[in-house]
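The values are calculated or read from the model by the stated rules, or taken from the named source; none is laboratory data. None of these values were measured; they are calculated from a predicted model. Every residue, glycine as well, gets a Cβ built from its backbone with ideal geometry; the counts of neighbours run over all protein chains shown. Surface accessibility is based on the protein's heavy atoms, side chains included, excluding ligands, DNA and RNA. Shrake-Rupley method; radii C 1.70, N 1.55, O 1.52, S 1.80 Å.
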Amino acid sequence: MASEIRLEKLRREFGPTIAVDDISITFPSSSVTCLLGPSGCGKTTLMRMIAGLQEPTSGEIYFGDQNVTDLTPSQRNIGMVFQYPVVYRGTTVFSSVELPLRQQRISAKERKQRVTETLESLDLMDVAYEPVAELNNATRQKAAVARAVARQPQIILFDEPITNVDVSAKVQLKRALKGLVKQHAQTIIYVTHDQTEAMTLADEIALMQSGKIIQRGRPRDIYNDPNSRFGGWFLGNPGMNFVDYTVNRDGEQPMLNDPLFAQPTRISGLNGDSNVVVGIRPERVTVYEEPMPNSVEGTVLRSSVVVGGQHLMTIQIGDVVIKAKVPYTQNYEPGTTVYVECPLDYVSLFAADGHRLETELAY
């Protein structure tokens, strides 16, 4: 039975540097949570404390009802897969995966069944009796995953397992991992800086910045409704467009005017903020050839084809430059005049310090 992981005010300091800043969170049992964030945000340090490889400065770690803060990694019954696969020289894939089961003194019949089922789930049976050391890096990494899974620990921790393989192998490994997590009810924490991995594999994403978890939720929810400017920027390829605005308070109703909006836009729920940041994702920007209601005039600066056959256009509107991701059928040469709409349903407002404002916009 998989265990939930509960962290209570977990903190790690390295001299004056706070790598993990009093994090309290529960990772549900039998779920996949991705710790996502840029290099240096604290995600690997957090995972290493959960594994027992790093001692916390303060705070506690629970697996279910058991306090494991002072237990060694071997006492925590976890599996781990690192950036670089651990290779046991002189072993085949089968014997490498079987080795931890031998150490657990599991019967030969059960060992064979577990190893075979795991290798089949990762599409490794064709190389089951090949020497691990002679395989390519991606296959060795799959073997490392198989070794961790076959032990059937309550918890498996992945530390950027796809980082050091080539592009084609990344796709293969992501597919294998996605199939794997559906088959096994283990609690998985997956550390990555790659948003595509997180969006593909996670039940939940815990987005980290400067040692803190700043937002947590289902991948699509975090993408659609970032609670910070950082989240809007970090998630997305490219991230959100951001435009600084000074709120017009000439009347009683706070308003936003041009350049992005064709008519004065009312803001409901805004308190004392007079400087705000308008955010909208490039794929939510609509581009027309002719003037349309609520559109503003712009000039195409650049256009390039991106993944999925879409065009990513850079457009100047007044003294503001934004990006729009449009269908492949829309392709405009630099210098073309276009008409741009930022639908209010997809516009977010952020305060000057970066947190999202709970407001509503209307014409």
Next item on the list: Please report, as a whole percent, how much of the solvent-accessible surface of the stretch 1-147 comes from carbon and sulfur atoms (probe radius 1.4 Å).
Entry: 46
Next item on the list: Output the relative contact order of the stretch 38-103, whole-number percent, from Cα pairs under 8 angstrom with separation of 6+ residues.
Entry: 20
Margin query: At most 10 other C-beta atoms within 10 Å and a DSSP loop state: those are the exposed trypsin sites (Lys or Arg not before Pro) I care about. Give me the longest piece of the chain that has none.
Written below: 106-363
Item checked: Contour minus Cα-Cα distance for residue 233 and residue 257 (0.36 nm per residue) -> 6.3 nm
Item checked: Per principal axis, descending, Cα span of the stretch 1-60 in whole Å -> 39, 24, 19
Item checked: P(r), alpha carbons of the stretch 19-124 - 5 Å bins starting at zero, rounded % -> 2, 9, 16, 18, 17, 15, 12, 8, 3, 0
Next item on the list: First measure r as the distance between the Cβ atoms of residue 175 and residue 301, then evaluate 1/(1 + (r/R0)^6) with R0 = 30 Å and state the FRET efficiency to the nearest 0.05.
Entry: 0.20
Checklist line | the stretch 129-197: projected area of the alpha-carbon convex hull, averaged over directions, in nm² | finding: 5.0
Check: How large, in Å, is the stretch 176-278 by the Kirkwood hydrodynamic radius built from its alpha-carbon pairs?
Finding: 16.5
Check: Hey, what number do you get for the chain at 222 nm if only DSSP H runs of n ≥ 4 count, each worth -39500 (n - 2.57), divided across all residues, to the nearest 500?
Finding: -7000 deg cm²/dmol
Next item on the list: Filter the DSSP H helices in the chain by two things, a Kyte-Doolittle mean of at least -1.0 and an axial alpha-carbon span of 18 angstrom or more, and list the hits by number.
Entry: 137-150, 167-183
Check: Modelled label-to-label distance, residue 55 and residue 136, 7 Å Cα→beta-carbon offset: nm?
Finding: 4.4
Margin query: On the principal axes of its Cα set, how long, how wide and how thick is the stretch 69-120? Give whole Å, largest value first.
Written below: 35, 26, 20
Next item on the list: Write out the GluC sites (Glu not before Pro) in the stretch 280-363 meeting two conditions: DSSP loop, and at most 11 other Cβ atoms within 10 Å of their Cβ.
Entry: 289, 358
Note to self: With just the Cα atoms defining each centre, how far is the stretch 198-253 from the stretch 58-74? Give it in Å.
What the structure shows: 32
Note to self: From zero outward in steps of 10 Å, how is the percent of C-alpha pairs of the stretch 238-363 spread across the bins?
What the structure shows: 13, 44, 30, 12, 1
Check: Want the number for residue 30 to residue 247: 0.36 nm per residue separation, take away the alpha-carbon distance, what's left?
Finding: 73.5 nm
Next item on the list: Return the ratio Rg/(2.2 N^0.38 Å) for the chain, where Rg is computed over Cα atoms only.
Entry: 1.20
Item checked: More than 15 angstrom apart: percent of Cα pairs within the stretch 318-363 -> 62
Checklist line | Solvent-accessible heavy-atom area per residue, rounded to whole Å², over the stretch 1-104 at 1.4 Å | finding: 47
Checklist line | Distance (nanometres) between label positions extended 7 Å along Cα→Cβ at residue 316 and residue 271 | finding: 4.0
Check: Which whole-number percent is the relative contact order of the chain (Cα, under 8 Å, 6+ apart)?
Finding: 16
Next item on the list: Provide Rg over Rh for the stretch 112-261; use the alpha carbon set for both Rg and the Kirkwood Rh (inverse mean inverse pair distance).
Entry: 1.17
Next item on the list: Starting from the Cα of residue 67, step 7 Å along the direction of its Cβ; do the same at residue 166; then give the gap between the two resulting points in nm.
Entry: 5.1
